[in-house]
Amino acid sequence: MRTKKYVQTASYGEWEGGSDMDCARCGKSISEPRLWIHIVNGGDAMLHRDDEGQSVDDVGDPRMCVVGPECTKAIGSNFITEDV
Ligand SMILES: [Zn+2]
C-alpha cells in the first residue's frame, strides 16, 4: 500500500488544543470537519486514499484524523478522504 510521511507543521504545538477537531497537520481548530487523513504505521505515515481497502490493523493503531482545507495542498489530495 502507498503511504506518505506524516508531518506536523513547526507551529503545530502553538495551535493544538487537545481536541479531536484540530487539524492533524497544523493543529488549528476546524469548525466543519469533512476532510480526513488515515494515519498508519504508528503515526508515521498517511495512507493513500485508493489503498484504503489494503489497510490492516497493525501495531500502529490506524486511525482517521481530520485536517483543514488550508492543509490539503501540502498533504496532497491523494491522501485525503472527503465527506460527501
Ligand atoms: Zn491544517
- Do we have GLY42 as in a loop (DSSP other than H, G, I, E, B) and more than 11 Å from the ligand (Cβ to nearest atom) here? no
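Results for (1) more than 16 Å from the ligand (Cβ to nearest atom); (2) in contact with a Pro (Cβ under 6 Å, 6 or more places away or on another chain); (3) assigned to a strand (DSSP E or B), shown as yes or no for each residue.
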residue: VAL7; (1), (2), (3): no, no, no
residue: GLY27; (1), (2), (3): no, no, no
residue: GLY53; (1), (2), (3): yes, no, no
residue: MET64; (1), (2), (3): no, no, yes
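Every read-out reported here was derived from the displayed coordinates using simple, explicitly stated rules and does not represent laboratory data. Everything numeric in this text was worked out from a predicted model, so none of it was measured. Every residue, glycine as well, gets a Cβ built from its backbone with ideal geometry; the counts of neighbours run over all protein chains shown.
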